[in-house]
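**Student:** Here it is, the structure in full.
The values are calculated or read from the model by the stated rules, or taken from the named source; none is laboratory data. Owing to the predicted nature of the structure, the values given are computational and were not obtained by experimental measurement. We place every Cβ from the backbone using ideal geometry, glycine too, and count neighbours over all the protein chains shown. SASA here: full protein model, heavy atoms, side chains in, ligands and nucleic acids out. Shrake-Rupley method; radii C 1.70, N 1.55, O 1.52, S 1.80 Å.
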Amino acid sequence: MTYQLYRNTTLGNTLQESLDELIQFQQISPSLALRVLLQFDRAINQALANKVRARITFKDTLSVSYNKLNTYRFCDNVWTFLMSDVEFKDVQEFAQVDKLKIVACDGRGESTK
């Protein structure tokens with residue numbers, strides 16, 4: 001199973017718009033467009049799992065308090081957290097945002113489950 005959530009990124013949206021245009025001008029079939037999107041899902045998930053080394057860790061020392069957690073959901077092995085007025089503090093950096101959405105998926109491949 002690959003997650004389709006990266007289709008909602010700039011890259012994913014641009015790909016979908018391009019495929020829609022190709023379908024509209026009858027240059028590709030809808031089934032080919034779907035195969036391209038499924039390959040995009042597999043490729044982006046694999047690239048993020050294997051090539052990206054940056055990680056973020058939430059610890060008690062971060063200023064993320066529980067009363068700022070507005071909503072959380074767990075559906076189809078995907079956690080979604082909606083938070084407000086969040087502050088992140090690190091040794092050298094500080095960030096503050098009005099709204100934060102965290103989507104956490106199992107980054108392991110099927111073979112490790």
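**Student:** For region 1-15, how many residues meet the condition of being closer than 9 Å to N45 by Cβ and open to solvent by less than 60 Å² (accessible area, probe 1.4 Å)?
**Tutor:** Residues meeting the conditions: 2.
**Student:** Residues that are modelled with pLDDT of 80 or more and of a type in the set (S, T, N, Q), at least 2 per element: which strands (runs of 3 or more DSSP E) completely within region 1-108 meet that? Talk me through it step by step, then tell me what you get.
**Tutor:** Working: elements: 69-75, 78-89, 94-105.
Ranges flagged: 69-75, 78-89.
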